[in-house]
Amino acid sequence: MYKGGKMKKFLVMLLVLSLVMASFAGCAKKEEPVKAEEPAKVEEPAKAEEPAKVEEPKTLKITSGLWSRPEEQQFIREEILPGFENEFNVKVELEVIDNIEKVMEAQKASDKWTTDVVMTHSGKMPLYIENEYVQPLNDIKDSLDVSFMDAFESATTEGNNTYYLPISADVYLLIANKKALPYLPDGADVTKLTWDQYKDWAINMAKDVGPKVSFPLMPVKATVYQMGGLGLSYGSEFPMINSAGMVDAWGVVGEMVKNNAILETSFNYSDPIEQMKSSEAWLSFYHMVPVGDIYSSAPAKYVVAAAPAGPNGNGSIAGAWGVGITAGTKNKEAADEFIKYLVRPEVLYQVAAGTGGFIPPVEEVIAQLGEEPKDIIMKKGLDTLQNGVVSGVPGSDYTDWGAVKSVYDTVFKTMWDNNGSLDQSFLDEQQKALEALEK
Amino acid sequence: MKNKFRKWTPYFLLTPALLYYLFFWIRPVFNAFIGSMTDFDGSFSLRFFIEVFKEPMFSAAFRNSVLFALISVLLQFSIAFMMALLLNKKFKGVNLLLFIALIPMAVPPAAVAILWKTGFSTFGWLNNILITLHIIKTPILWMTAQGFNALLFLILIDTWTVLPSVMIILLAGLQNLNKEYEEAGLIFGATKWQVTKDIVMPILKPTIITAVILRMIAAIQVWMISVMMFGYGRVPFLVERIAYYTDVVPMLDESYKMSLTYSVIVTVIVMLSVVLYLRASKKSKKEVEI
Amino acid sequence: MNQRSLIAKTVFYLFIATMIIAILVPFFLFLSTSVYSEYEVYEFPRKFIPRTSFDLKIDWVDDKYDFSVFSREMDDYELLIQTDDLDKLRRFLKRNLSVQKTNEEIDRDFSISKNGEPLYLTYKKDLLYNYKTFFSITNKAGKAVVNSVIAAGWTILISLFFGSLAGYAIARYKFKGREQLSLILLVVRMFPAVAIAIPMLVYLLKMNFDNTMIGLAIVYSVGNIALTAWITSSIFSGINVELEEASYVFGATKLQTFIKITLPLAVPGLIACSMYAFLAAWNDSITALILSNNNPTLSLVIYKAIGSSSAIQLSAAGAVILIMPALVFTFIIKNYINQLWGEVKL
């Protein structure tokens, strides 16, 4: 019996197998680093207009948090990017993901920069600038001759350097199904509502057909922003919870809760799209992108207006998206050209109209707005931005903005459970919790 | 020579797996355990455990995790066992039935969420069916469920997703079962039920234990389905709290520590449950010797 | 006796029927959602068979087209949009009703209503619109599929190899620490991966396994090796030792016995394990997002494309694309679980 010999055979087989696996691993590893360093791709001469070019077109990679909806990505890919690609002989790769920070962090940590251009939300810009994910764009800005709204300067600049150019701005708007119009309180004009009238409107509907207001309350999403807009209308400083103005704001919503005007299913949603489109809800005050989505699904069914007003004006939280260049990009010239291309008024208008209906924060584009549905959304938004009481998101003043959102969720849920009432001591307590989160 | 190899063989066989774990898993877990008991300044401290116990959502999370595990394991095991018995028989179409039974397993978690959210929303397909069949007149607001109802809701969805994977293990075990034992029992006058109870189940014990333990471990750690359906905090679970601290509020000083602490608590609970279950099943194991 | 077996039969069929309904109904509804146009998603009550066309009413009013669609809910035409811009109409038809028409076709068809009479016409819907949109968004789908297959393949290999060896050792040998070991291997699953996901991945990143399929497989296998070991140990211990000993008596070595007798008997269990391994690798998107963002698997591609969209019908289409291969795999594999080994006698 050669038992010993057979055991040896077995071990040898084990060894061979491991070697084979390791060699595959090695092959796989070798392939990838080559790919990462050479973003240049050899294209078939499909872009036939170019006379014989000796250099292969480079690839510009854009990583964006903007245009998260597939229709928007499709639009950008099919109707915006080809213009740039043809003019500059650069292939563009657009990647849209939710959590860009992790990707940026990984690129910075490993110093393997595969992203060239990045689109960031204004709330995150200070973080990106501080962590050196992006580089200054001063020369680009100076060479341009479009004028940007200065509402977002504090986010896009640091010291004397500009790191981002804002290409879209957003505010909160009111949207109503036309079926709700008969329930407006006497004398109210839906294009110029006050929050008091909004509240009465909601209660009128509740009394007749049941709750019809969508107030998306999914935890850690947008409760803070909806309440924030309300608070601004009543003179509160965002994001204070217990100021006199904010107490009034809580009161307005509390009345609606008490009279069963707000849909309980709102707790399940992070935007009013499903409730409005299915007609479960007829009224909402929300971010203009979902509002634009709802509106353009059937413009004849809805009315869009600027944010309702309180004693202090039309309040809304405002944000912006900006385009920047990564610190370690290998395609600086192509990236420069892309940014300049994107902010051309005619291009930017197309982008704004074809995607969520953002406000293009460029004066020359604003001058071109017409009467189409998306234009209307943009104009209302602009109205709020220019004439209302707006505030950005002071995310970088707090250790964790998610925790701030959680505090608002707690307050709202407590108010809901107490049938619309809140007492001052509770609010003071929550304000303390909020202040504990400040940096 | 032969004896020496005999003695070392098992260790040879196990070494690859153990090395694998040493490299890729034991290190971070070990660090996690240490980390949960270390204060910010590096000194030994149990303060994070105290903070966790004092958290408003801790008792709800604990209760939900335990209840969920108990109910879902019982429910899923029973149904999966019946399904496995069924699919073990030879009859026309059993292969097709098996395929159908496996479908939920092929659906990725994100798709499961879409499937059930669109089903249970006010104007979703479940209400759609019920109204079309005239069972109800106005839509039922499934998604406003709170507390225990919400928990049952999640158990239902989880069961749909998980049944095939439990059933497979049991089925694989049944396939190995020598038919002759069953036949012997039947010859000696036992009923089908008695055969199942006294012959099949004991032989299947190792497989059953495997299936139940695996489900227990997974069930105590459920979280994703709760977050996808209801968002954070509405139906808290222990691991849902971990996800909260790592994904929702990651920047707080204590976030990482809290998630480690919760992880340690979960691991302890899981280990206890498994040990208790094994003890209980070992007691009856001694009686079964074929 | 007959009554008893009648009841038994009824229960039997009832059980089967419930099973089929409970599994297939949600699944088919999901499939039909993937073919809905945006408009249909919000109709209520919906017909379960998706629309194939839309009945439209076009009116020329105030220099604009009043565009209405026949709504089953209201049993009347519902006014959706009023515009004279052909581009806007084309985009509206495409995005909301999944109807593909060119500007010229719209112009030619709609301008009939300019004579003062409302125009009624029917447009066919493009049933595969969601899938087409999906592919226009994801331009690396082909490569991603290959990646998914490779990652899944490696996961199966690694998990089965390491796992079954360990499982065999636990089942057959008595050695020090055997009782504790089987439990220890399972401990891997007891610690919530969510908490240590990042440190584990950073470790792999440093070792340059980022953007490789084998790197992904390593992460996926962590849980699966233990699972395989556990399952195979119980399967192996269910396989009669006497069978193996008989084979030794006939002159086979341990290895030959393992390969020719034990392993084939354990195939159902191994198949089950490979199914878990495959699905773990195939369906993951989170690990892939962090570890292999630039060389994505199919589920990551779909996750990125659909992600935070509220367009349910597009998400459903993406999910169906992801499910199909997994279903095919399951279909092929299930035969091996169901093989009966009735001929093996003691």
- So which residues in region B:81-111 are without any contact (Cβ under 8 Å) to a residue 24 or more places away in the chain, facing chain C (nearest Cβ under 8 Å) and outside any helix (DSSP H, G or I)? B:Lys90, B:Pro108
- Number of the condition not met by A:Val289 [criteria: (1) touching a residue at least 60 places away in the same chain (Cβ under 8 Å); (2) farther than 22 Å from A:His121 by Cα; (3) hydrophobic (A, V, I, L, M, F, W, C)]: (2)
- Note on the structure: Cβ pairs under 8 Å, 6+ apart or interchain, first in region C:239-265 and away from chain A (no Cβ under 13 Å), second among the aromatic types (Phe, Trp, Tyr), ordered by first then second residue, are C:Thr262/C:Tyr168; C:Thr262/C:Phe236; C:Leu265/C:Trp341
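Can you tell me which residue is farthest from the other protein chains (Cβ to nearest Cβ) among those in region A:428-439 that are in contact (Cβ under 8 Å) with a residue 60 or more places away in the chain and within 29 Å of the chain's Cα centre (by Cα)? So that I can check it myself, show each step before the final result.
Start the filter on region A:428-439 by keeping residues that are in contact (Cβ under 8 Å) with a residue 60 or more places away in the chain, which leaves A:428, A:430-431, A:434.
From the residues that got through so far, the ones that are within 29 Å of the chain's Cα centre (by Cα) too are A:430-431, A:434.
On the way: A:Gln430: 13, A:Gln431: 18, A:Leu434: 13 Å.
Per the stated criteria, the residue is A:Gln431.
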- Some residue of region A:209-223 being under 26 Å from A:Gly65 (Cβ atoms) and either part of a helix (DSSP H, G or I) or without any contact (Cβ under 8 Å) to a residue 24 or more places away in the chain (or both): yes
- For region C:74-88, which residues satisfy the criterion of being facing another protein chain (nearest Cβ under 9 Å) and either touching a residue at least 12 places away in the same chain (Cβ under 8 Å) or not in a strand (DSSP E or B) (or both)? C:Leu79, C:Leu80, C:Ile81, C:Gln82, C:Thr83, C:Asp85, C:Lys88
- Enumeration of residues in region A:113-136 that are assigned to a loop (DSSP other than H, G, I, E, B) and of a type outside the set (S, T, N, Q): A:Trp113, A:Asp116, A:Gly123, A:Lys124, A:Glu132, A:Tyr133, A:Pro136
- Note on the structure: The residue from A:Met125, A:Met119 that alone is under 29 Å from C:Phe134 (Cβ atoms) and out of contact with any Cys (no Cβ under 6 Å at 6 or more places or on another chain) is A:Met119
- Of all residues in region C:205-218 being part of a helix (DSSP H, G or I), modelled with pLDDT of 75 or more and more than 8 Å from chain B (Cβ to nearest Cβ), the one that is farthest from B:Phe23 (Cα to Cα): C:Met213
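Here is a yes/no grid of residues against (1) more than 30 Å from B:Asn149 (Cα to Cα); (2) of a type in the set (Asp, Glu); (3) modelled with pLDDT of 80 or more:
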{"position": "B:Trp193", "(1), (2), (3)": "yes, no, no"}
{"position": "B:Thr196", "(1), (2), (3)": "yes, no, no"}
{"position": "B:Pro206", "(1), (2), (3)": "yes, no, no"}
{"position": "B:Thr210", "(1), (2), (3)": "no, no, no"}
{"position": "B:Arg215", "(1), (2), (3)": "no, no, yes"}
{"position": "B:Gly231", "(1), (2), (3)": "no, no, yes"}
{"position": "B:Val248", "(1), (2), (3)": "no, no, yes"}
{"position": "B:Asp253", "(1), (2), (3)": "yes, yes, yes"}
{"position": "B:Ile265", "(1), (2), (3)": "no, no, yes"}
- Note on the structure: Filtering region A:414-426 for residues that are surrounded by 18 or more Cβ atoms within 10 Å (Cβ to Cβ), at pLDDT below 95 and of a type outside the set (Gly, Ala, Ser) leaves a count of 1
- Conditions (1) within 28 Å of A:Ile76 (Cα to Cα); (2) under 29 Å from the mean Cα position of the chain (by Cα); number of the one not met by C:Asp84: (2)
- Task: Mind listing just one residue for me: the one in region C:297-346 that is more than 9 Å from chain B (Cβ to nearest Cβ) and over 30 Å from C:Phe134 (Cα atoms) and, of those, modelled with the lowest pLDDT?
- Result: C:Glu343
- Message: Which numbered condition in (1) within 12 Å of chain C (Cβ to nearest Cβ); (2) out of contact with any helix residue (DSSP H, G or I) (no Cβ under 7 Å at 6 or more places or on another chain) is the only one that B:Leu174 fails?
- Response: (2)
- Query: In region A:274-295, which residue that is buried (at least 23 other Cβ atoms within 10 Å of the Cβ) and among the small types (Gly, Ala, Ser) is farthest from A:Thr191 (Cα to Cα)?
  - Reply: A:Ala281
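May I ask you to verify whether C:Ile235 is facing chain B (nearest Cβ under 8 Å), closer than 16 Å to C:Ile286 by Cα, buried (at least 16 other Cβ atoms within 10 Å of the Cβ) and touching a residue at least 12 places away in the same chain (Cβ under 8 Å)?
On the way: facing chain B (nearest Cβ under 8 Å): yes; closer than 16 Å to C:Ile286 by Cα: no; buried (at least 16 other Cβ atoms within 10 Å of the Cβ): yes; touching a residue at least 12 places away in the same chain (Cβ under 8 Å): yes.
The answer is no for C:Ile235.
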- Item | Only one of A:Val365, A:Val407, A:Val411, A:Val351 that is buried (at least 17 other Cβ atoms within 10 Å of the Cβ) and either of a type in the set (Ser, Thr, Tyr) or under 20 Å from the mean Cα position of the chain (by Cα) (or both) | A:Val351
- Answer residue from region C:140-174, given it is within 13 Å of chain B (Cβ to nearest Cβ) and charged (D, E, K, R) and is surrounded by the most Cβ atoms within 10 Å (Cβ to Cβ) among those: C:Arg172
- Query: Is it true that A:Gln431 is over 30 Å from C:Lys88 (Cα atoms), of a type in the set (S, T, N, Q) and part of a helix (DSSP H, G or I)?
  - Reply: yes
- Task: Go through the residues of region C:184-193 one by one and say whether even a single one is of a type in the set (A, V, I, L, M), more than 8 Å from every other protein chain (Cβ to nearest Cβ) and over 17 Å from B:Ser259 (Cα atoms).
- Result: yes
- Run A:Gly420 past the list (1) more than 12 Å from every other protein chain (Cβ to nearest Cβ); (2) within 27 Å of A:Ala155 (Cβ to Cβ); (3) small (Gly, Ala, Ser) and report the number of the one that doesn't hold. (2)
- Name, by its number, the condition in (1) touching a helix residue (DSSP H, G or I) at 6+ places or on another chain (Cβ under 7 Å); (2) closer than 25 Å to C:Ser34 by Cα; (3) free of Cβ contacts under 8 Å to residues at least 24 places away in the same chain that does not hold for C:Leu165. (2)
- Selection from region A:68-112 of residues that are at the interface with another protein chain (Cβ under 10 Å from one of its Cβ atoms), crowded, with 20+ Cβ neighbours inside 10 Å and not in a helix (DSSP H, G or I): A:Ser68, A:Arg69, A:Val96
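Per-residue answers, yes or no, for (1) aromatic (Phe, Trp, Tyr); (2) assigned to a helix (DSSP H, G or I); (3) more than 8 Å from every other protein chain (Cβ to nearest Cβ); (4) surrounded by fewer than 16 Cβ atoms within 10 Å (Cβ to Cβ):
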| site | (1), (2), (3), (4) |
| --- | --- |
| C:Leu6 | no, yes, yes, yes |
| C:Val11 | no, yes, yes, yes |
| C:Ala17 | no, yes, yes, yes |
| C:Phe27 | yes, yes, no, no |
| C:Phe30 | yes, yes, no, no |
| C:Tyr36 | yes, no, yes, no |
| C:Phe44 | yes, no, no, no |
- Tell me, yes or no, whether region A:353-372 has at least one residue that is more than 25 Å from A:Asp142 (Cβ to Cβ), part of a helix (DSSP H, G or I) and touching a residue at least 60 places away in the same chain (Cβ under 8 Å). yes
- Message: Against the condition within 14 Å of chain C (Cβ to nearest Cβ) and either assigned to a helix (DSSP H, G or I) or of a type in the set (Ser, Thr, Tyr) (or both), how does A:Val252 come out, does it pass?
- Response: no
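Go through region B:219-252 and count every residue that is of a type in the set (Phe, Trp, Tyr), more than 9 Å from chain A (Cβ to nearest Cβ) and assigned to a loop (DSSP other than H, G, I, E, B).
Result for region B:219-252: 2.
The values are calculated or read from the model by the stated rules, or taken from the named source; none is laboratory data. No experiment lies behind these values; they were computed from the predicted model shown. So basically every Cβ, Gly included, is an ideal-geometry build from the backbone, and we count neighbours across all protein chains shown.
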